[in-house]
Amino acid sequence: MPYYRSVGSVPAKRHTQFRRDDGSLHAEELMGADGFSAESALLYHLHPPTALVSAEVVPGPADSLATAEPLLPRHFRTHSLAVGGDLVTGRRLLAGNGDVRISYAAAAGDSPLFRDAVGDQLVFLESGEAVLESVFGVLPVRAGDYVVVPAGVTHRWTTVGCRALVVEAVGSHVTPPDRYLSPRGQLLEGAPYCERDLRGPTEPLLVPDGPAEVLVRRRSGTGTSLTRYGYAHHPFDVVGWDGCLYPWALSVHDLQPLAGAVHQPPPIHQTFAGKGFVVCTFVPRVVDWHPDAVPAPYNHSNVGSDEVLFYVDGSFASRTGSGIGVGSISLHPAGFVHGPQPGAVERSLGVPRVDELAVMVDTFAPLQLAPAAAECEDEAYAWSWARG
Ligand SMILES: [Fe+2]
């Protein structure tokens with residue numbers, strides 16, 4: 001997020017001597033996006049963050065992607081996937097392409113230390129609570145929070161139970177849409193959220209020193225691979241940091257949705273952008289006030305876009321009768337024309353507001369599916385528009 005924060009102790013001038021109580025120097029680390037060409041942070045460790053003592057390949061989960069044939073709209077019931085694991089290793093990849101990977105996790109425990117070199121991660125907490133511990137400090141999160149974890153941030157998740165949709169950028173960053181930002185990065189009037197809504201770590205996180213293992217993920221061919229690093233010192237030894245690169249959270253309950261006299265298209269609900277994909281949020285809101293408005297969405301053809309919709313809470317009036325419910329994910333691929341279920345247009349007339357809460361990921365390259373998608377697919381969905 002391109003605005004400045006400072007947490008804990010940092011020296012008055014960057015790249016100058018910053019000594020510990022015993023007279024030794026802190027170890028300064030620059031964490032920079034896109035090399036040295038974008039946002040960065042300077043972190044001050046008690047110990048060098050470079051003291052690697054071991055490295056081993058870790059067999060990863062089956063995350064093969066394949067084109068699903070025939071071309072069909074699809075419905076996945078995430079709540080029928082098994083509960084267990086953690087928010088890192090317990091992710092079940094559902095769909096992906098060369099730009100983004102979409103996973104679901106029903107986590108029931110703490111994760112190992114993890115660092116993702118593939119891209120920024122966007123974790124949306126559907127339910128429960130969790131704490132993101134990182135070299136930047138502690139960030140408590142709860143149901144309805146989006147959490148952006150920049151690539152390269154060493155972190156771990158603690159939770160006693162939560163459900164989450166995880167959107168992983170492949171080689172890119174998750175940011176507010178450019179059109180929400182001033183030329184120098186301030187969120188503009190007219191954006192559905194502002195800096196006051198963004199939460200970041202507020203205090204350093206220091207744990208007792210000792211050896212630590214960190215799981216590191218990187219791109220490998222068209223997939224990813226995992227390496228387990230052993231370090232001489234625990235990475236959570238940062239006494240202070242400052243800069244414009246850090247994990248941050250935004251609650252969907254803090255969004256101020258935009259509305260119009262007639263039905264507004266999804267880009268008005270956009271929350272984040274990544275390379276080759278966007279993320280939109282549909283929150284409870286007043287809808288169309290034109291006296292003859294049709295609040296239900298019009299039929300539409302997503303030319304050049306695959307549309308993934310994760311149904312989080314409330315009622316989804318345009319999908320009544322389709323089998324869609326809380327925890328459902330629909331995938332409406334490019335080439336398929338979709339719209340409200342039978343009867344939904346008539347039922348929407350005169351409705352003053354909707355209470356839906358849903359997260360949408362639109363990709364601009366076709367999505368392929370992973371084995372976990374088939375595990376929870378409702379194969380009747382494609383024919384639900386003809387059942388009315
Ligand atoms: Fe759609």
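Restricting the calculation to alpha carbons of segment 95-139 gives Rg and Dmax of 12.3, 32 angstrom.
Across segment 1-96, the convex hull enclosing all Cα atoms gives 245 Å³ per residue. By the Stokes-Einstein formula, at 1.567 mPa s and 4 °C, segment 257-386 with its Kirkwood radius over alpha-carbon pairs has D equal to 84 µm²/s. Counting neighbouring Cβ atoms within 10 Å and putting the fewest first, the residues His233, His269 line up as His233, His269.
Rg/Rh for segment 15-62 (Cα atoms only, Rh after Kirkwood) is 1.15. Across segment 273-286, coupling constants 3J(HN,Hα) worked out from phi with the 6.51/-1.76/1.60 Karplus curve, θ = phi - 60°, read 10, x, 6, x, 7, 10, 10, 10, 10, 9, 10, x, 6, 5 Hz, and Gly and Pro carry x. Rg and Dmax of segment 346-388, based on Cα coordinates, read 15.6, 42 Å. The packing ranking, built from the mean of other Cβ atoms within 10 Å per residue, places the peptides 66-79, 3-16 in the order 66-79, 3-16, highest first.
The percentage of C-alpha pairs in segment 221-271 whose separation is greater than 18 Å is 69%.
Among residues other than Ser318 with Cβ under 14 Å from its Cβ, the summed charge is -3 (Lys and Arg +1, Asp and Glu -1).
Over the chain, Cα pairs under 8 Å with separation of 6+ residues give a relative contact order of 22 percent.
Rounded to whole numbers, the Karplus 3J(HN,Hα) couplings from phi for segment 325-334 are x, 4, x, 6, 10, 9, 10, 10, x, 4 Hz, using 6.51 cos²θ - 1.76 cosθ + 1.60 with θ = phi - 60°, and x at Gly and Pro. Here the chain is treated as a sphere whose radius is the Kirkwood value from Cα pairs; by Stokes-Einstein at 25 °C and 0.890 mPa s it diffuses with a coefficient of 111 µm²/s.
No value in this document is a laboratory result; all are computed from the given coordinates. This one's a predicted model, so the numbers in the text were calculated from it and none came from an experiment. Glycine gets a Cβ as well: all are built from the backbone with ideal geometry, and neighbour counts include every protein chain shown.
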